[in-house]
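K.L.:
Have a look at the structure that comes next, please.
The values are calculated or read from the model by the stated rules, or taken from the named source; none is laboratory data. Predicted, not measured: the structure shown is a model, and the values here were computed from it. Cβ: placed from backbone, ideal geometry, glycine included. Neighbour counts: every protein chain shown. Each accessible area value is taken on the protein alone, full model and side chains, heavy atoms only, with ligands, DNA and RNA left out. Shrake-Rupley method; radii C 1.70, N 1.55, O 1.52, S 1.80 Å.
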Amino acid sequence: DFCQAEGKKRPSENLGQVLFGERIEPSPYRFTFKNKETCKSVCTKTYDTSKPEDKQKLDFLKKSMLLNYQHHWIVDNMPVTWCYDVEDGQRFCNPGFPIGCYITEDGRPKDACVINSEFHEKDTFYIFNHVDIKIYYHVVENEALGARLVAAKLEPKSYKHTHPDNPDCSGVPMDISNKANGEVKIAYTYSVSFEEEKSIRWASRWDYILESMPHTHIQWFSIMNSLVIVLFLSGMVAMIMLRTLHKDIARYNQMDSTEDAQEEFGWKLVHGDIFRPPRKGMLLSVFLGSGTQILIMTFVTLFFACLGFLSPANRGALMTCAVVLWVLLGTPAGYVAARFYKSFGGEKWKTNVLLTSFLCPGIVFADFFIMNLILWGEGSSAAIPFGTLVAILALWFCISVPLTFIGAYFGFKKNAIEHPVRTNQIPRQIPEQSFYTKPLPGIIMGGILPFGCIFIQLFFILNSIWSHQMYYMFGFLFLVFIILVITCSEATILLCYFHLCAEDYHWQWRSFLTSGFTAVYFLIYAIHYFFSKLQITGTASTILYFGYTMIMVLIFFLFTG
């Protein structure tokens with residue numbers, strides 16, 4: 001319940017912003033370039049606590065101050081930042097500023113109340129109803145006369161204006177006692193000044209927000225950590241390939257008589273069963289198709305993000321890019337699913353194509369739709385309008401599905417993948433397995449290494465989704481992505497080799513699930529993050545958090561698998 005802009009058109013958002021729940025509203029604060037204003041009144045809100053609807057609005061304001069809700073303002077596509085000193089003489093720039101703050105009953109200031117010693121009344125809320133805005137500009141010399149805005153900073157202040165019609169912006173702060181009754185008047189005011197800033201170029205005007213987030217040294221540490229894991233795994237794989245396989249093949253080549261060949265051991269014993277089609281081959285081929293689609297989508301999106309096309313300045317660009325790519329990549333999904341299904345000896349090609357185009361996207365869409373219903377029921381602005389839902393369905397049915405069919409057509413037309421050895425008629429008996437080569441322990445162990453590579457990045461990504469921090473380290477993320485792909489592949493190859501040596505030839509599902517199990521660790525981490533980092537209360541919010549997390553987990557499962 002703040003000041004509203006009268007009769008102004010809302011700016012339109014792109015697909016990515018709509019999906020992420022970003023809505024931009026016009027504001028009643030009007031500036032004219034180089035026109036200094038001091039203590040200009042915007043509007044006055046009056047709350048009469050004896051009226052129930054006014055009391056409800058005031059209670060909501062109090063609750064939002066207690067939970068440290070933030071204003072996010074934009075000037076010329078720049079976030080208006082509030083910069084303040086933190087320890088070690090560093091300045092931290094927050095791309096938002098709090099609505100207000102609260103002093104507890106035992107006189108402890110919470111959150112932003114520490115900035116001013118005048119905030120000292122116990123059990124009292126202080127609302128930031130005045131802002132000092134400073135806009136920095138850079139005069140363009142060589143072009144036609146004009147200037148560009150390069151930064152916008154503000155200082156939130158609190159004043160109890162004695163004459164709201166003619167405010168003077170001085171005196172005591174605006175306090176709202178928790179037990180206050182009667183009439184509460186809050187007058188909103190602002191001051192704005194313009195200052196020339198020659199040192200900031202227009203192209204690099206986002207830097208000062210990013211500089212205040214000192215995470216880069218943690219990043220390098222995590223990258224080194226991941227590279228050590230990769231080197232270790234690569235060494236193991238290379239050693240196995242070179243030593244054992246080389247030795248075995250050399251032994252085969254020098255055999256003259258056939259009677260020596262009877263004494264086979266290890267993985268050579270299962271050559272007659274190794275290409276036996278897996279159980280539930282249909283589902284596996286569908287997962288492989290969807291996984292390929294997500295893998296290519298992630299790779300291309302991150303590649304573009306590295307080149308700087310999807311910086312935070314283009315709001316919602318990342319999400320838009322990912323959705324469009326996913327829709328256009330139906331063809332590889334159909335092709336991969338069809339090739340594998342055919343090589344598994346499957347006959348029901350229509351079912352295969354339909355499942356590839358509808359199973360995984362259908363689960364994601366259903367989850368998303370339920371989350372949207374909850375948002376809609378709560379009356380949240382993040383709820384996606386009906387038109388956008390129809391647009392997403394149209395993209396899926398009219399572009400993605402036909403492309404999947406085209407891919408499947410080419411996949412089924414090609415000859416099935418040729419196997420180098422014939423499969424025996426009678427399945428071989430699998431000997432008793434030790435604890436390590438049983439399916440479950442192997443799968444659980446397989447997911448640990450890839451997760452170890454990504455979990456530090458995961459923290460920053462979750463922060464940027466749930467705590468509204470800027471995420472800009474796409475270079476790091478791309479590196480981690482490549483490392484993750486290598487780690488998943490190598491861990492799976494390694495474990496697959498051990499299983500084959502133990503004469504267990506059910507390797508198809510197991511190799512998919514070995515890396516795919518990383519997603520389970522991701523889920524456990526997300527649950528830990530929920531309880532340790534977020535102060536989310538309320539059933540709806542909790543359901544939303546876990547609903548969106550499940551979408552991410554499913555996508556991640558298909559991608560790693």
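K.L.:
Looking at Ser50, Ser41, which is the one that is among the hydroxyl-bearing types (Ser, Thr, Tyr), assigned to a strand (DSSP E or B) and in the same structural domain as Gly171 (by the TED database)?
P.N.:
The unique qualifying residue is Ser41.
K.L.:
Another one. Considering only residues that are among the hydrophobic types (A, V, I, L, M, F, W, C), closer than 18 Å to Ile399 by Cα and surrounded by 21 or more Cβ atoms within 10 Å (Cβ to Cβ), which ones fall in the stretch 338-383?
P.N.:
Val353, Leu355, Cys360
K.L.:
Within the stretch 102-137, work out how many residues are touching a Leu at 6+ places or on another chain (Cβ under 9 Å) and either among the hydroxyl-bearing types (Ser, Thr, Tyr) or open to solvent by less than 20 Å² (accessible area, probe 1.4 Å) (or both).
P.N.:
Number satisfying all stated conditions: 8.
K.L.:
Of the residues Phe410, Phe455, which single one is assigned by the TED database to the domain that holds Leu477 and open to solvent by 30 Å² or more (accessible area, probe 1.4 Å)?
P.N.:
Testing whether each residue is assigned by the TED database to the domain that holds Leu477 and open to solvent by 30 Å² or more (accessible area, probe 1.4 Å) leaves just Phe455.
K.L.:
Tell me which helices (runs of 4 or more DSSP H) are completely within the stretch 463-553 and hold 3 or more residues being closer than 30 Å to Phe309 by Cα, or say none if there are none.
P.N.:
474-501, 518-533
K.L.:
What number of residues within the stretch 167-186 satisfy the criterion of being assigned to a loop (DSSP other than H, G, I, E, B) and touching a residue at least 60 places away in the same chain (Cβ under 8 Å)?
P.N.:
Of the residues in that region, 7 qualify.
K.L.:
Checking Ala383 against (1) assigned to a helix (DSSP H, G or I); (2) at pLDDT below 95: exactly one of these is not met. Which one?
P.N.:
Ala383 satisfies all of (1) assigned to a helix (DSSP H, G or I); (2) at pLDDT below 95 except (1).
K.L.:
Additional query: Please enumerate the residues belonging to the stretch 139-183 that are in contact with a strand residue (DSSP E or B) (Cβ under 6 Å, 6 or more places away or on another chain), modelled with pLDDT under 85 and within 30 Å of Ser204 (Cβ to Cβ).
P.N.:
Across the stretch 139-183, the qualifying residues are Val140, Gly146.
K.L.:
Quick check, is Lys185 in contact with a Pro (Cβ under 8 Å, 6 or more places away or on another chain) and farther than 22 Å from Pro95 by Cα?
P.N.:
Judged against the criteria, Lys185 is a match.
K.L.:
Pull up the stretch 424-452, narrow it to residues that are under 16 Å from His506 (Cα atoms) and aliphatic (A, V, I, L, M), then point me to the one that is surrounded by the fewest Cβ atoms within 10 Å (Cβ to Cβ).
P.N.:
Among those residues, the one meeting the criterion is Ile426.
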